[in-house]
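A short worksheet on the structure shown next.
The values are calculated or read from the model by the stated rules, or taken from the named source; none is laboratory data. These numbers come from a predicted model, not from an experiment. For neighbour counting, all protein chains shown are included, and Cβ atoms are generated from backbone atoms with ideal geometry for every residue, glycine included.
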């Protein structure tokens, strides 16, 4: 009987240890993700009007949503995205470069 109780307790402890390991790995991943985000925030320079559309588009995972708010849904497919600056695009497509830059930079600072 004592052996059965010991085995049962051992199995419970082993299962709890397994669950704890899974939780620790998940927490470690979360901490790593936060450290990466903080590092990017500390080192990333603001987007400027002289930056290319491509640079701005790839500056943040949600930058495409900001562009979409200006009816610029397909900038990532445009052939001139590597050369055209935000300022040039604003003139060509009649939107406020300043407003777009404010939104993108707020996004980079996680304030949007």
Can you confirm whether residue 60 is closer than 17 Å to residue 108 by Cβ and either part of a loop (DSSP other than H, G, I, E, B) or at pLDDT 85 or above (or both)? yes
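On the basis of being under 23 Å from residue 33 (Cβ atoms) and either at pLDDT 90 or above or surrounded by fewer than 16 Cβ atoms within 10 Å (Cβ to Cβ) (or both), does residue 96 make the cut?
Numbers: under 23 Å from residue 33 (Cβ atoms): no; either at pLDDT 90 or above or surrounded by fewer than 16 Cβ atoms within 10 Å (Cβ to Cβ) (or both): yes.
So residue 96 does not fit the description; no.
Kindly indicate the residue of the stretch 43-54 that is in a helix (DSSP H, G or I) and in contact with a helix residue (DSSP H, G or I) (Cβ under 9 Å, 6 or more places away or on another chain) and also surrounded by the most Cβ atoms within 10 Å (Cβ to Cβ) among those meeting that condition. Break it down into steps so the answer makes sense when it comes.
Let us first name the residues in the stretch 43-54 that are in a helix (DSSP H, G or I), namely 43, 53-54.
Remaining after also requiring in contact with a helix residue (DSSP H, G or I) (Cβ under 9 Å, 6 or more places away or on another chain): 53-54.
Numbers: 53: 21, 54: 16.
If we take residues in the stretch 43-54 being in a helix (DSSP H, G or I) and in contact with a helix residue (DSSP H, G or I) (Cβ under 9 Å, 6 or more places away or on another chain), then 53 is surrounded by the most Cβ atoms within 10 Å (Cβ to Cβ).
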For the stretch 99-112, what are the residues that are in a helix (DSSP H, G or I) and surrounded by 14 or more Cβ atoms within 10 Å (Cβ to Cβ)? 100, 101, 102, 103, 104, 105, 107, 108
Residue check: is residue 63 in the same structural domain as residue 100 (by TED's automatic domain parsing), touching a residue at least 12 places away in the same chain (Cβ under 8 Å) and on the phi < 0 side of the Ramachandran plot? yes
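Conditions (1) within 18 Å of the chain's Cα centre (by Cα); (2) free of Cβ contacts under 8 Å to residues at least 24 places away in the same chain, marked per residue:
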| site | (1), (2) |
| --- | --- |
| 13 | no, yes |
| 21 | no, yes |
| 31 | yes, yes |
| 86 | no, no |
| 110 | yes, no |
Report, by residue number, each residue of the stretch 74-86 that is at pLDDT 85 or above and buried (at least 16 other Cβ atoms within 10 Å of the Cβ). 84, 85, 86
